[in-house]
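A short write-up of the structure that comes next.
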Amino acid sequence: MKFFIDTADVKEIEKYASWGVVDGVTTNPSLMSKQSLSFLDAVKKICEIVDGPISVEVTATNSEEMIKQAEEYSAMHKNIVIKVPCDAEGLKVISALKKKGIKTNATLVFSANQGLLCAKAGASYISPFVGRLDDIGQDGMELISELADIIDNYEFDTEIIVASIRHPRHVTDAALLGAHVATIPPEILEKLIKHPKTDEGIEKFLKDWEKVSK
Ligand code: G3P
């Protein structure tokens, strides 16, 4: 299973990359707005830190402009993956970029049919947003299960990125369902390694170690 980090914050990316578990990075316009560098500087810096797929989202609303943006961004670094919204214009962009050899990440996927269409159009990745589905009383993980079956049934060359992760259980469930990737916000990555019994155990071992004659 691959772990991507879901942030555009260079300091956070540096911190968690040092754990040796970050295979890639996903950004979006909201995440970009929360960090202090210019968009282009942030993308350049992120590409220097992590040698893996770096998703950068287009913001134009028609396919021609989206393709122009995609070409501009993908020329910046070999690892750039173009994040494209999962709508009718987005489908045109995904299939056009596939022909040009540019990798795409279909984002804002909320149904199995949306994911199926994006896979069929040639998306390298699809990003179902589990947390936002849970927020409206639907079961985000059920969507992951359906998409995993669909990708398997037809051997699509598309990887599922479980996105909009809100708590550690989302990561466990994604792994149990065999999702290819989980994109994890820094605060959730931090929680994944934490356990009060581990902290308690370390403290006890260190105290007892003091009693050992050296
Ligand atoms: O990768 C997409 C993700 O950032 C969306 O997360 O928490 O805004 O629903 P959230």
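The values are calculated or read from the model by the stated rules, or taken from the named source; none is laboratory data. In this text the structure is predicted, and so the values were computed from the model without any measurement. Neighbour counts are summed over all protein chains in view; Cβ atoms, including those assigned to glycine, are modelled from backbone coordinates with ideal geometry.
Of Val130, Val81, all but one fail to be within 16 Å of the ligand (Cβ to nearest atom), at pLDDT 95 or above and in contact with a Lys or Arg (Cβ under 6 Å, 6 or more places away or on another chain); the exception is Val81.
Applying the criterion of at least 1 residues that are acidic (Asp, Glu) to the helices (runs of 4 or more DSSP H) found wholly in the stretch 60-144 leaves 63-74, 88-99, 130-135. Among the residues of the stretch 189-204, the one identified as closer than 22 Å to Pro128 by Cα and either crowded, with 18+ Cβ neighbours inside 10 Å or polar (S, T, N, Q) (or both) is Leu189.
Residues that are more than 19 Å from the chain's Cα centre (by Cα), surrounded by 20 or more Cβ atoms within 10 Å (Cβ to Cβ) and within 18 Å of Ser55 (Cα to Cα) occur in the stretch 80-95; there is at least one. Of everything listed in (1) touching a Pro at 6+ places or on another chain (Cβ under 8 Å); (2) of a type in the set (S, T, N, Q); (3) touching a residue at least 40 places away in the same chain (Cβ under 8 Å), the single unmet condition for Thr59 is (3). The conditions of being within 16 Å of the ligand (Cβ to nearest atom) and under 19 Å from Thr183 (Cβ atoms) are met by Ile54. Output yes when any residue across the stretch 162-175 is hydroxyl-bearing (Ser, Thr, Tyr), farther than 24 Å from Gly90 by Cβ and either free of Cβ contacts under 8 Å to residues at least 24 places away in the same chain or surrounded by 17 or more Cβ atoms within 10 Å (Cβ to Cβ) (or both), and no when none is. Yes, that holds for at least one residue.
When residues of the stretch 1-49 are filtered for being part of a helix (DSSP H, G or I), within 15 Å of the ligand (Cβ to nearest atom) and β-branched (Val, Ile, Thr), how many remain? Counting residues in the stretch 1-49 that are part of a helix (DSSP H, G or I), within 15 Å of the ligand (Cβ to nearest atom) and β-branched (Val, Ile, Thr) gives 2. When the stretch 1-49 is filtered for residues that are among the charged types (D, E, K, R) and within 19 Å of Val81 (Cα to Cα), the ones remaining, listed by number, are Lys2, Asp6, Asp9, Asp23, Asp41, Lys44, Lys45, Glu48. Across the stretch 137-180, the number of residues qualifying as under 20 Å from Cys86 (Cα atoms), polar (S, T, N, Q) and either more than 16 Å from the ligand (Cβ to nearest atom) or in contact with a strand residue (DSSP E or B) (Cβ under 9 Å, 6 or more places away or on another chain) (or both) comes to 3.
Among the residues of the stretch 154-194, those identified as in a helix (DSSP H, G or I) and aliphatic (A, V, I, L, M) are Val171, Ala174, Ala175, Leu176, Ile188, Leu189, Leu192, Ile193.
Restricting Thr172, Thr183, Thr198, Thr158 to residues that are within 14 Å of Thr26 (Cβ to Cβ) and polar (S, T, N, Q) narrows the list to Thr183.
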